[in-house]
Amino acid sequence: MADEATTTPLLASYKAKPAKAPSIDDAIETYIGATGAGQLFKAILLAFAWAFDAQQVFISVFTDAEPRWHCTAGADPSCSPGAASPCALPPGAWAWDRPAETSVVSEWALKCAGPALVSLPASSFFAGCLAGGFLLTTLADSLLGRRKMLLVSLASMSVAGVLTAFSPNVWAYAALRFVCGFGRSMVGTCALVLSTELVGKRWRDTVSVAGFVCFTVGFLSLPALAYTFREASWRSMYLWTSLPSLGYAILLYFLVQESPRWLLVRGRKHDAIETVRQIAALNGGGGITCSFSMLHACATEREDDAAGGAGGGGGGVFATLRSMWERRWALRRLAAIMTASFGVGMVYYGMPLNVGNLGSNLYLSVTYNALAEFPSSVLSWLLMGRINRRSSVVALTAAAGVCSLACVAIPEGTGGRMAAEVLSFFATCTAFNIILMYSIELFPTSVRNSAVGMVRQALVLGGVAAPMLVALGRERSFWSFGVFGLAVGCLGLFAVCLPETRGRSMSDTMEEEEHKEAAAAIGDMDSNADLV
């Protein structure tokens, strides 16, 4: 009797325990099977959006470059080729080495207008990225979804780029760069999140790295285009980058589906099932006629989560931000990774703009920086599979800071300074890639696009400050290389506040992530108890 009395409650408790609902990952992969060539092709096609993103980010390195100048024949005796600036020389005593229309600086005589006006267009672009990121980031998690948001962003970025080619003055040019940045703000985020949510768990890291490789391809295309149009107007650069981007957006409209994970989180299970059928057809499973009971179970659970609060799929456009704001653990994660991202973004966007201060060939310097992104993408992929995310970010930002500070001490125009700059940019690129993949794992599906968007805006905020520092660095290198090094090295230390995510499965709702956080805390307590 005593045995019966002690065992019955345990049996009752065991029988009362509800069955665990299948995860979205397991449910989707059950029906679509292994990621096939067609599915992988669409994910990589999505990743190519990063190429057009890179072109708009770094195009001002060439269009806003400060051209070289020379003294004219019979010029004033005070004219000297070694002078730092021709602003004090009389008109006609000097001339540009190339036609004035090759750069906005020479076409609109901005060289002597001061660093604020010279840096205005680039800063306006990054300010537009920042504004667009904060205003549009929640739409991909709420109303529009990843696919529609990506198409809207690509189309608006491309149209603004075409209109930029017809700017009549620097003020219109800066305004259109702001609009272009506003539209561009969600391209990389939506492409990254959507491409990783369309493939199985095994291929997520690979697809993420494919996006970074495509970004490198777009970056690398710029010096080739700029060299081709070196004697032509800077306006040609905008036309040749924006029109293909618009065509690419039209292609995506017909070829790419919405994320089934997002559809399930939003309670749109019929659309999710139809999307899974289409993906399964790509993988050779087009004849499946099953009931999709696992997906129905997932959708039912997500609908319950949505009814319970903003952690699920409901609550309006800004529910995702409110959901993170109301949870201390989410706010702590977001603040820490955004702080580290600000330092990384300052160097990532600032270094290519700053290559003109190295005293070397502009085309070769930009090419070296672009080529540094290829091994950076490979290293990111290797590190994500083998090394902790947190320690990788801290180590890489520290290395980038040391190399950037070294540029202050190394004399201008030397190979050592060029090498230190490339190494700093290489470490920063790798940290940039890992931070983006890290942020995908830190936040659940219901808020993932918003969280990744906020992280990218912190990166862009660093880019807003970079052009002014670059302009100041033309007079004293500490204001560019020195500030870059201190920012990325010190702010990267905030990554130690983040939890490690390597090897963990991705959550779908805030509640699910909280359960994992609690389980991890209990596990740590048990481990400490065992040690005692």
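The values are calculated or read from the model by the stated rules, or taken from the named source; none is laboratory data. Every value quoted in this text rests on a predicted model; they were computed, and no experiment measured them. All Cβ positions, even for glycine, are placed from backbone atoms using ideal geometry, and neighbour counts span all protein chains on display. We work out accessible area using only protein heavy atoms, side chains counted, and drop any ligands, DNA or RNA first. Shrake-Rupley method; radii C 1.70, N 1.55, O 1.52, S 1.80 Å.
Some notes on this structure:
- Between the residues LEU163, THR137, ALA116, the greatest Cα displacement towards the positive end of the dipole of segment 99-184, with unit charges on the Cβ of Lys, Arg, Asp and Glu, is found for THR137.
- The listed residues HIS270, HIS70 rank as HIS270, HIS70 when sorted by accessible area, largest first, using a 1.4 Å probe.
- Surface composition of segment 118-277: carbon plus sulfur atoms contribute 71% of the solvent-accessible area (1.4 Å probe, protein chains only, all chains present).
- Among the GluC sites (Glu not before Pro) in segment 223-282, those placed in a DSSP loop whose Cβ has at most 13 other Cβ atoms within 10 Å are GLU231.
- The Cα atoms of segment 315-521 give a gyration tensor whose axes a ≥ b ≥ c have a/c of 1.5 or more with a/b greater than b/c, which makes the shape prolate.
- Rounded to the nearest 10 Å², the accessible area of CYS129 at probe 1.4 Å: 0
- Estimated FRET transfer efficiency (TYR253, LEU135; beta-carbon r; R0 25 Å; 0.05): 0.60
- What the pair-distance distribution of segment 365-458 shows, using all Cα-Cα distances binned every 10 Å from zero, is 16, 40, 30, 11, 2, 0 percent.
- Ranked order, ASP97, ASP508 - accessible area, probe 1.4 Å, largest first: ASP97, ASP508
- Across the protein chains, with a 1.4 Å probe defining accessible surface, the residues ARG68, ARG389 rank ARG68, ARG389 from largest area downward.
- Chain lengthening between LYS516 and ARG202 when straightened (0.36 nm per residue, less Cα-Cα): 110.9 nm
- Segment 54-204, relative contact order in percent, only Cα pairs under 8 angstrom and at least six apart counted: 22
- ALA100 versus LEU364: modelled label distance in nm, points set 7 Å from Cα along the beta carbon direction: 3.1
- Coil-residue trypsin sites (Lys or Arg not before Pro) of segment 406-501, DSSP, other Cβ within 10 Å capped at 12: ARG476
- Area of LYS201 that stays accessible when all protein chains are in place (1.4 Å probe, Å², to 10): 90
- Estimated dipole of segment 315-521 in Debye, rounded to 20 [Cβ of Lys and Arg +1, of Asp and Glu -1, Cα centre]: 140
- Using the 1.4 Å probe convention, the accessible area of segment 94-228 works out to 32 Å² per residue with neighbouring protein chains retained.
- Shown is the FRET efficiency for ARG386 and ALA281, computed with R0 = 56 Å from the Cβ-Cβ distance and rounded to the nearest 0.05: 0.95.
- Chain lengthening between TYR227 and PHE374 when straightened (0.36 nm per residue, less Cα-Cα): 50.8 nm
- Amide proton proximity set for TRP69, modelled H, under 5 Å, gap of 5+: ASP97
- Scanning residues 5 or more positions from TRP94 or on other chains, those with amide H under 5 Å from its amide H are THR72, with H placed 1.01 Å from N in the peptide plane.
- Added length on full extension, which subtracts the Cα-Cα distance from 0.36 nm per residue, CYS112 to ALA419: 107.4 nm
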